[in-house]
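What follows is a set of notes on a single structure, which appears directly below.
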Amino acid sequence: MITLRQFVGAWSIRHSFGSNDNKRDAGQTTPEDVIRFDNILFGNDERLKKWQLLDVYRPKAQGDGQTTPLKKLPVIVSVHGGAWVYGDKDRYQFYCMRLAQYGFAVVNFSYRLAPEAKFPAALEDIEKAFEWMLANKEQYGFDTTNVFSVGDSAGGHLLTMYAAALTNEEFAKSFPFIKPLSQKNMTLRAVGLNCGKYSIEPSDSQMKLLLQGMMPGGGTPEEIALLNAAAHITKDFPQSFVMTCYGDFLFEQAPVVMKALQDAGVKCEYHCYASQEKPLWHVFHLDPKLDEAKRCNDDECNFFKRLVVEN
């Protein structure tokens, strides 16, 4: 059951984040060089249509699926952020369409949010989105030998957990609904971890409230250990682009995941944007009006492109 305090906390975040995103997205439109396929149900429960929907974006020059066939393209699956209680694909559509302009097919999906849906509902939906992508690779022109994924803020946390479950056999035992990479007909070349959260500090008052709304046990020590995403990284974790900026309130989290990646021997790159004198802000890369956002997205997509294996 959702308590009044949990509901008010989630509403407060949704109101605050939503107001900022409305300002950021004002006036944005679908680029003329992008084709989009919208509102595709990827789950198997009709009652979850509000959440289990996705869009696919592709560069129009690589086929429209009607007059010209869709050329197979490397794929980026985007896991949106929002403190585990906010966000959906519509908030990320313009960012994801910009990723498509780099020559990728992009899957942009909504997952179930806390406190209405308890953990691991979001991870279940991430798995469903990936499984949908694999099942529909011919129809939408997905090159599943070259799969990438990006996640920011809470999405960075969820993506780290998901990639760890794909590649860490012991950790995966906690999530039997996630098929390991050995059972998936895809190659996850790399992930982009952007302004993410990788360790959980239950002493933080807001984090404690979020845990109470998100976790079935309200944030037990066992649950917190499970949620410490960086702790589950092994040598088989995919190559990683780790990004933050001066002014990001999660600035100290990027070194946490970088250390875990380096200790495990995973190839990774660390990128920090702006400066102490001229800081930016959390998930700045979603704002198309910023030159720094374009530079960051250039860097990340070029990192991915260097890892694409031609078939």
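The values are calculated or read from the model by the stated rules, or taken from the named source; none is laboratory data. All values reported here derive from a predicted model rather than from experimental measurement. FYI the Cβ positions are ideal-geometry reconstructions off the backbone, even for glycines, and counts take in every protein chain you see. Keep in mind that these areas ignore ligands, DNA and RNA; they rest on the heavy atoms of the full protein, side chains included. Shrake-Rupley method; radii C 1.70, N 1.55, O 1.52, S 1.80 Å.
Figures for the structure shown
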{"read-out": "Hey, ALA172 at pLDDT 95 or above, touching a helix residue (DSSP H, G or I) at 6+ places or on another chain (Cβ under 7 Å) and open to solvent by less than 60 Å² (accessible area, probe 1.4 Å) or not", "value": "yes"}
{"read-out": "Some residue of the range 17-33 being more than 24 Å from ILE76 (Cα to Cα), of a type in the set (D, E, K, R) and out of contact with any Leu (no Cβ under 6 Å at 6 or more places or on another chain)", "value": "yes"}
{"read-out": "Selection from the range 287-304 of residues that are buried (at least 23 other Cβ atoms within 10 Å of the Cβ) and at pLDDT below 95", "value": "none"}
{"read-out": "Yes/no for PHE284 being open to solvent by 30 Å² or more (accessible area, probe 1.4 Å), under 18 Å from the mean Cα position of the chain (by Cα) and hydrophobic (A, V, I, L, M, F, W, C)", "value": "no"}
{"read-out": "Residues located in the range 128-159, provided they are open to solvent by 10 Å² or more (accessible area, probe 1.4 Å) and charged (D, E, K, R)", "value": "LYS128, GLU131, LYS137, GLU138, ASP143"}
{"read-out": "Scope the range 128-181; condition charged (D, E, K, R), farther than 19 Å from PHE42 by Cα and either assigned to a helix (DSSP H, G or I) or touching a residue at least 40 places away in the same chain (Cβ under 8 Å) (or both); matching residues", "value": "ASP152, GLU169, GLU170"}
{"read-out": "Total residues in the range 224-262, condition without any contact (Cβ under 8 Å) to a residue 24 or more places away in the chain and assigned to a helix (DSSP H, G or I)", "value": "4"}
{"read-out": "Among residues of the range 229-269, those that are over 18 Å from ALA293 (Cβ atoms) and surrounded by fewer than 18 Cβ atoms within 10 Å (Cβ to Cβ), counted", "value": "12"}
{"read-out": "Residue that is farthest from THR30 (Cα to Cα) [pool: residues in the range 94-148 that are among the hydroxyl-bearing types (Ser, Thr, Tyr) and under 15 Å from the mean Cα position of the chain (by Cα)]", "value": "TYR111"}
{"read-out": "Residue that is most open to solvent (accessible area, probe 1.4 Å), among those in the range 180-224 that are closer than 30 Å to GLU300 by Cβ and among the small types (Gly, Ala, Ser)", "value": "SER182"}
{"read-out": "Among (1) of a type outside the set (Phe, Trp, Tyr); (2) at pLDDT below 95; (3) buried (at least 21 other Cβ atoms within 10 Å of the Cβ); (4) on the phi > 0 side of the Ramachandran plot, the one test that PRO115 misses", "value": "(4)"}
{"read-out": "Count - residues of the range 90-112 that are closer than 25 Å to ASN185 by Cα and open to solvent by 10 Å² or more (accessible area, probe 1.4 Å)", "value": "2"}
